[in-house]
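Values quoted throughout were computed directly from the atomic coordinates according to the rules given, and no laboratory measurement underlies them. Only a predicted model underlies this, so the values are computations on that prediction, with no experimental measurement involved. Every residue, glycine among them, receives a Cβ derived from its backbone with ideal geometry; neighbour counts consider all protein chains shown.
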Ligand code: 9GP
């Protein structure tokens with residue numbers, strides 16, 4: 001409340017982070033750390049006969065996101081508070097978050113995530129903060145009281161959005177920002193006409209329809225069909241958020257002319273891109289501005305982050321659906337487009353092909369609104385999330401735009417919060433770092449973990465370092481055994497791949513490596529190997545057949561390997577069910593090896609790569625996303641690199657990629673794939689995995705076969721290095737010591753200085769010191 005009051009009275013410039021997803025993870029442990037009272041809480045608990053760890057274990061996490069993008073938003077909210085930047089996070093209070101994953105007979109099964117079942121103690125309902133949101137209907141022209149011709153929207157239906165606020169605490173500071181999530185409700189005056197004519201059920205139906213809008217988070221990677229509700233969700237939350245920002249501005253600062261000085265709105269991917277059209281509508285239709293003035297404000301307000309180059313993830317909406325739901329916004333998009341394309345034509349005379357490519361409307365076939373183009377045109381800054389990704393954004397996806405407005409394009413490499421992913425997740429390692437460096441300042445200034453480097457040769461530290469890792473592996477092994485019945489040996493190398501399942505992330509490349517190890521052991525060629533536990537975690541979108549088949553394959557291989565006494569002293573395979581923030585916190589501290597093996601050019605950044613490295617895992621990875629910068633930071637000699645570069649991959653695709661030739665010419669690869677097809681892993685069913693193996697041999701869109709040999713060679717180096725224990729330990733220490741740059745605090749400071757132009761505002765604690 002004090003933060004809100006100070007931000008209000010001081011007219012502090014404020015960041016509004018617009019994101020359809022926040023993958024927050026449990027709040028309690030993070031809040032205790034940020035308030036500096038974990039040990040106090042533990043002691044008080046003990047006096048009361050309560051075990052803090054048992055309480056933490058009970059907490060339900062709000063899984064209001066799919067993966068990296070939503071978790072990034074959560075890290076950013078925490079760093080915004082820690083860095084004293086006034087901010088509001090706007091999003092949707094989904095009643096059901098990302099599904100809970102169970103594994104049955106090796107297959108992923110989805111269960112609804114009823115996270116609000118027992119209530120949510122962290123949120124503050126704000127019944128007075130409500131806005132109306134319209135859908136459908138028509139637009140009409142009219143003359144206002146000054147005789148000017150104006151346009152207005154008469155929606156066919158209206159629902160309400162009500163605010164629920166969750167305070168997001170910073171580390172060791174009194175600053176707290178708000179995460180304001182909107183819940184959809186029927187308007188109080190529900191359809192009385194229907195009610196009076198006796199259509200009671202019709203009236204109730206309208207209520208249900210309204211509430212559906214914030215019911216459930218959409219899993220990404222879903223096919224396009226039936227996504228009308230998603231467009232409704234997107235409009236719902238941006239409309240409430242824009243109306244709220246205008247309300248705040250009018251209440252505190254005053255006239256809307258200064259709106260863009262008070263607020264900067266960050267579009268987290270294209271999901272909130274409708275905000276551009278909505279702010280225009282509010283300024284034009286509700287606040288009677290002229291186009292030029294409204295556009296100047298809108299354009300100065302927004303910035304946009306792109307998180308993917310994958311074409312299927314770039315949102316477009318059919319013009320007919322858009323028009324049916326948001327007729328006024330379509331008019332506004334057309335007008336933005338008309339003016340924008342005039343600018344393009346003037347700048348690139350006669351280049352109609354370029355005009356066609358850059359248009360906000362895709363023509364040819366069904367006409368569609370291109371949300372990414374709307375976001376670029378409506379924003380004053382556009383950024384990618386790692387150096388390589390930002391370069392590819394400029395060179396490929398938004399090439400035409402970067403030629404038109406080169407100054408608009410930036411890079412801000414992602415980061416993650418060390419509070420959650422080190423202090424909360426790995427207290428043993430945190431204590432060791434604090435003891436070695438002699439201070440806790442590294443928690444707020446992660447660059448200071450570099451002080452570890454001076455001690456890297458210290459045999460005592462190395463010993464303790466190994467003990468910390470060993471204990472985390474023991475914890476994970478126990479948990480895994482309870483959760484899945486798979487027994488892992490903490491003495492073995494813990495080789496972990498945990499992230500969403502997608503073909504571009506290439507979990508199936510990892511599976512081929514496991515099968516190769518299996519065959520080598522069976523053939524008595526285990527001399528190059530070290531005992532390994534292969535551990536996977538991650539969810540597949542419910543409608544993504546191939547990703548689900550890969551999960552099944554992992555479990556099928558696991559069943560054979562784990563039950564074969566000839567090999568299971570060497571290798572084990574475990575699948576951690578329901579990979580979420582809480583389970584991630586169990587995995588990162590226990591990993592020796594982090595698998596970051598996407599096809600180069602496909603993973604925009606990755607953030608799991610940072611979390612593993614922060615916990616002393618070494619990375620085996622391609623030159624993709626933030627791997628490139630992690631390798632630079634930790635030193636090439638402390639990173640296991642393999643595979644094609646993005647450029648080489650592209651080149652090879654263009655000159656005709658023939659995976660079947662690789663399959664035919666590499667006897668080991670052929671025998672690994674043939675073993676899958678033999679039915680060994682499917683109780684004799686030779687067809688089960690055919691869609692996967694046929695796809696690999698005949699198409700292989702993510703070039704698994706092209707990188708197979710390089711990957712196996714690199715894994716051999718991993719095994720050799722692991723056998724040299726002191727060397728591995730030194731590499732592990734150096735990974736942590738040099739990871740400072742990947743704190744989300746650094747990312748937030750870069751956004752603040754270069755993109756948002758906002759300065760920190762420190763809140764003085766009213767009733768005593770914090771931390
Ligand atoms: O796939 C990217 C991932 O590489 C990145 O780390 C994350 C955060 O920037 O965003 C992911 N993108 C999406 O989830 C959808 O665009």
| By average C-beta atoms within 10 angstrom, highest first, the peptides 608-615, 503-510, 567-574 | 608-615, 503-510, 567-574
| remark: Output ordering of 66-73, 636-643, 104-111 (per-residue mean of other Cβ within 10 Å, highest first) is 66-73, 636-643, 104-111
| task | Note the angle between two axes, namely the Cα long axis of helix 545-562 and the longest principal axis of the Cα atoms of the chain, as a number of degrees from 0 to 90, rounded to the nearest 10. | result | 20
| remark: Taking R0 as 25 Å and r as the Cβ-Cβ distance between residue 489 and residue 717, the FRET efficiency 1/(1 + (r/R0)^6), rounded to the nearest 0.05, comes to 0.65
| task | Using just the helices of the chain, give the 222 nm mean residue ellipticity in deg cm²/dmol: DSSP H runs with n ≥ 4 each add -39,500 (n - 2.57), and the total is spread over all residues, rounded to 500. | result | -13000 deg cm²/dmol
| Can you work out the FRET efficiency for the pair residue 60 and residue 453, with r the C-beta to C-beta distance and R0 = 45 Å, to the nearest 0.05? | 0.65
| message | Suppose R0 equals 51 Å. What FRET efficiency, 1/(1 + (r/R0)^6) with r the Cβ-Cβ distance, do residue 478 and residue 324 give to the nearest 0.05? | response | 0.40
| note | Residue span residue 699 to residue 762: 0.36 nm per residue of separation minus Cα-Cα distance leaves a gain in nm of 17.1 nm
| said: Just the number: Rg to Rh for segment 45-97, Cα atoms, Kirkwood Rh, two decimals. | reply: 1.12
| said: Full-extension gain between residue 466 and residue 395, please, as 0.36 nm times their residue separation minus the C-alpha to C-alpha distance. | reply: 21.2 nm
| Segment residue 645-residue 504, length gained on full extension (0.36 nm per residue, minus Cα span) | 49.3 nm
| Using a simple spin-label model with points 7 Å from Cα along the Cα→Cβ vector, what separation in nm is obtained for residue 653 and residue 683? | 3.9
| remark: Counting only DSSP beta bridges with both partners in the chain, the antiparallel fraction in percent, to the nearest 5, comes to 45
| query | So how far apart, in nm, are the two label points at residue 53 and residue 528 if each is 7 Å from Cα heading toward Cβ? | reply | 4.0
| query | Extent of segment 465-609 along each principal axis, from alpha carbon coordinates, in Å, largest to smallest? | reply | 38, 35, 28
| said: What whole-number volume per residue, in cubic angstrom, does the convex hull of the C-alpha atoms of segment 427-742 give? | reply: 127
| request: Could you work out how far apart the two model spin labels at residue 154 and residue 116 are, taking each label as a point 7 Å from the Cα in the direction of the beta carbon, and quote it in nm? | output: 3.4
| remark: For the chain, the longest principal axis of the Cα atoms and the Cα long axis of helix 291-301 enclose an angle in degrees, to the nearest 10, of 30
| Principal-axis tilt of helix 459-484 within the chain, Cα atoms, nearest 10 degrees | 70
| field | Part-to-part distance (alpha-carbon centres) for segment 526-556 and segment 260-323, which is given in Å | value | 40
| remark: If each part is reduced to its alpha-carbon centroid, segment 96-121 and segment 11-60 end up apart, in Å, by 22
| query | When you count, for each residue, the other Cβ atoms within 10 Å and take the mean per peptide, how do 3-11, 519-527 rank with the highest first? | reply | 3-11, 519-527
| Any idea what % of Cα-Cα pairs in the chain are farther than 46 Å? | 23
| field | Computed over segment 693-761, the ratio Rg/Rh where both radii use C-alpha atoms and Rh is Kirkwood | value | 1.26
| In segment 301-334, which residues have a backbone nitrogen under 12 Å from the label point lying 7 Å from residue 366's Cα in the Cα-to-Cβ direction? | 316-322
